[in-house]
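Participant: Got a structure here, written out as structure tokens. Questions coming.
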Amino acid sequence: MIKILSRGLFVLYIILLIWLVLFKFSFQILSVFDHHHRSLNLVPFAAPSIAKDGGINYGEMILNCIFFIPFGLLLHVNFKTVGFLPKLAFILFFSLTAEIIQYICAIGATDITDVITNTTGGLLGLALYGFSNRYINTKKLDSIIIAGGIVLLVLFISVHASHFLGRRSRDKFIEAYNK
């Protein structure tokens, strides 16, 4: 049962990660392709230094790291026989592929900083699992990660569903008001 839950959670996480990285959690995915915004930044950490108020905005870089921490954790839970470096290479490959797709499809800014911060987040997840596994037995650690992942997934779906339903209700109200 644990194996089924962990594989299902991993697949759902990958889908949500693709939705985040490529479509920025948009419910109107096809509208993302209408913007035709293509940019390429190959200078690491250059974009965050260009902030509106003159300061440095690290928010997006921190969020990139945070969103990829579960990637490392779930890779460890689901692929125990695969070594550390292949897991890290897979995270790097996933991030690089997402950035290349963004550039090819002109659906966002392709930024080397994103690849670095995404991979760093995955690395943190891999390291966190390895560190925690020294003090917590593997089965218990896997159960904690899966339970935490399911709780976070339910919260995520609840927040986005309420936002989506709230927008629909607001649109219906405005439509009825304009009649």
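Participant: Does GLY148 qualify as being out of contact with any strand residue (DSSP E or B) (no Cβ under 8 Å at 6 or more places or on another chain) and in contact (Cβ under 8 Å) with a residue 40 or more places away in the chain? Explain how you work it out, then say what you get.
Facilitator: Details: out of contact with any strand residue (DSSP E or B) (no Cβ under 8 Å at 6 or more places or on another chain): yes; in contact (Cβ under 8 Å) with a residue 40 or more places away in the chain: no.
Against the criterion (out of contact with any strand residue (DSSP E or B) (no Cβ under 8 Å at 6 or more places or on another chain) and in contact (Cβ under 8 Å) with a residue 40 or more places away in the chain), GLY148 does not qualify.
Participant: Please go through the range 94-112 and pick out each residue that is surrounded by 13 or more Cβ atoms within 10 Å (Cβ to Cβ) and over 16 Å from LEU20 (Cα atoms).
Facilitator: Scanning the range 94-112 gives a single hit, ILE112.
Participant: Same structure, new question: So, of the residues in the range 42-87 that are charged (D, E, K, R) and within 19 Å of LEU17 (Cβ to Cβ), which turns out to be modelled with the lowest pLDDT?
Facilitator: GLU60
The values are calculated or read from the model by the stated rules, or taken from the named source; none is laboratory data. Remember, it's a predicted structure, so these values are computed and weren't measured experimentally. Neighbour counts are summed over all protein chains in view; Cβ atoms, including those assigned to glycine, are modelled from backbone coordinates with ideal geometry.
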